[in-house]
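Since the structure comes first, as structure tokens, the remarks are kept for the end.
What follows draws every value from the coordinates through simple rules; no lab data is involved. Note that the coordinates shown come from a computational prediction; the quantities given were computed from them, not determined experimentally. Cβ atoms come from the backbone with ideal geometry, glycine included; neighbour counts cover every protein chain shown.
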Amino acid sequence: MGTVAVQGLCKSFGKVRALDGVTLDVPDGAFFVVLGPSGAGKTTTLRAIAGLDKLDAGSVHLDGRDATADAPAVRDLAMVFQNYALYPRHTAYENIASPLRARRRPAGEIAAAVERMSGLLHIERLLHRRPAQLSGGEMQRVALARALVRSPRAFLMDEPLTNLDLKLRVEMRTELTRIHRSLGATFVYVTNDQVEALSMADQVAVLREGTVQQVGTPTEVYERPANQWVAGFVGSPPISLLACHAEGDRLVGEAGWTLPRPRWATAADGQALRLGLRAEDLSVEQRGDASLPGELYGLEPLGDRTVVDVRVGTEILKVKARPTVTGTPGERLRVTVDLDRAHLFDAGTGLSLSAAGR
Ligand SMILES: Nc1ncnc2c1ncn2[C@@H]1O[C@H](COP(=O)(O)OP(=O)(O)O)[C@@H](O)[C@H]1O
Ligand SMILES: [Mg+2]
């Protein structure tokens, strides 16, 4: 078993409210990702689960038992930090074995566990080396192996891939999901990288300024963001947001454009709104009747696709296009909109008006 449940976590550092009522329910065996920008309270949340800081309010339940008052050592959790501190004088093998040695496990068990973990992380050939003889990515793997060699109740991981270069990070994403599956253990994984969250998580909790904005599967968070902030944080290029309001059966933009009002748009006439459009739901090719007039602002070639920036009034729309697209800044064009996939937010509260209705 390895369920982790936190309820109403509050923690301030002086005037800074790091956690403001954080509630999370991590099922046994989940790959649960806490996603948020720097300063959102992610590390503080993990430290609260591990019992490393005193809380102002809230509770931590492990496997259904109240563990709020338990010392870190008895919680039986393994934490992987962003800065992997390996013992410099020890070989990779000894580093990985150290948590089991500290627990005085029998030699045969230690050898078997190190062998299994180094196999999973593809570091068998590095076991005799010391940290100074390893690259950053290799050190990170050794550090992960050292954490994963135990079988704790759950693993807490604090941005463990942040120090790796992009290619290794992409590789490790796949490795970690594979390892998670083969261990069947509970992972609580913290990151500020939405791609990591979307690609690895079963469940994502989006955290902002110490409050949970939304919890859901990667698809739910991407396709049905609870509010404008989540919509803007998850997705690349970022979602375009256009100021508008509803008028009868039309949506009317501040820039003067109009679009048919989607069936699911439950807004009151005149209510200030933001129409959220993702780059892949827009096209510079003529293919439907819902379209917006604009002018080409710039092209951003990304190899497999080009992001076309289109100016609509004073706002910029980001449109995903074929890599072969061409154009001259200033040239007039129309952007086709897939309204069935659009989002609508209340401009005041930022809350989604489309999340529930579809
Ligand atoms: N020990 C501390 N002393 C003072 N402020 C802290 C301390 N730890 C965290 N904070 C503050 O609490 C907020 C949340 O921090 P943290 O949990 O580290 O965020 P994250 O891990 O999401 O980047 C930040 O504003 C941070 O500056
Ligand atoms: Mg942090």
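Quick look at the values:
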item	result
Cβ-Cβ FRET estimate between residue 287 and residue 170, R0 fixed at 35 Å, reported to 0.05	0.60
3J(HN,Hα) from dihedral phi, the stretch 43-58, Karplus parametrisation 6.51/-1.76/1.60, rounded to Hz, x for glycine, proline	4, 4, 4, 5, 5, 5, 5, 6, x, 7, 10, 7, 8, 6, 7, x
Cα-Cα separations in the stretch 4-229 greater than 21 Å, expressed as whole percent	55
FRET efficiency, residue 73 to residue 209 (Cβ-Cβ, R0 30 Å, nearest 0.05)	0.45
Low-density loop cleavage sites - chymotrypsin sites (Phe, Trp or Tyr not before Pro) in the stretch 79-121, where at most 16 other Cβ are within 10 Å (DSSP)	81
Most fluctuating residue given options 206, 170, 234, as computed from a GNM of the chain linking Cα atoms under 10 Å	170
Distribution of pairwise C-alpha distances over the stretch 237-346, 10 Å bins, in %	15, 49, 27, 7, 0
Check: the chain dipole with +1 on Lys, Arg Cβ and -1 on Asp, Glu Cβ, in debye	1240
Which of 257, 229 has the fewest Cβ neighbours within 10 Å, and the rest in rising order	229, 257
Among beta bridges that DSSP assigns inside the stretch 4-229, antiparallel share in %, nearest 5	55
Helix-derived mean residue ellipticity, 222 nm - over the chain, DSSP H n ≥ 4, -39500 (n - 2.57), to 500	-7000 deg cm²/dmol
Loop sites in the stretch 1-64: chymotrypsin sites (Phe, Trp or Tyr not before Pro), DSSP, at most 16 other Cβ within 10 Å	none
Under 21 Å from the Cα of residue 42 - lysines, other chains or at least 8 residues apart	11, 15, 54
Cleavage-rule hits, GluC sites (Glu not before Pro), the stretch 295-358, DSSP coil, Cβ neighbours within 10 Å at most 13	331
Most fluctuating residue given options 326, 219, 306, as computed from a GNM of the chain linking Cα atoms under 10 Å	326
Nearest-0.05 FRET efficiency for residue 268 and residue 57, computed from C-beta distance (R0 30 Å)	0.20
Cβ-placed point charges (K, R +1; D, E -1), dipole of the stretch 237-346 about Cα centre in debye, nearest 20	180
Spread of Cα-to-Cα distances over 5 Å intervals beginning at zero, given as percent, for the stretch 1-113	2, 10, 18, 18, 17, 14, 11, 7, 3, 0, 0
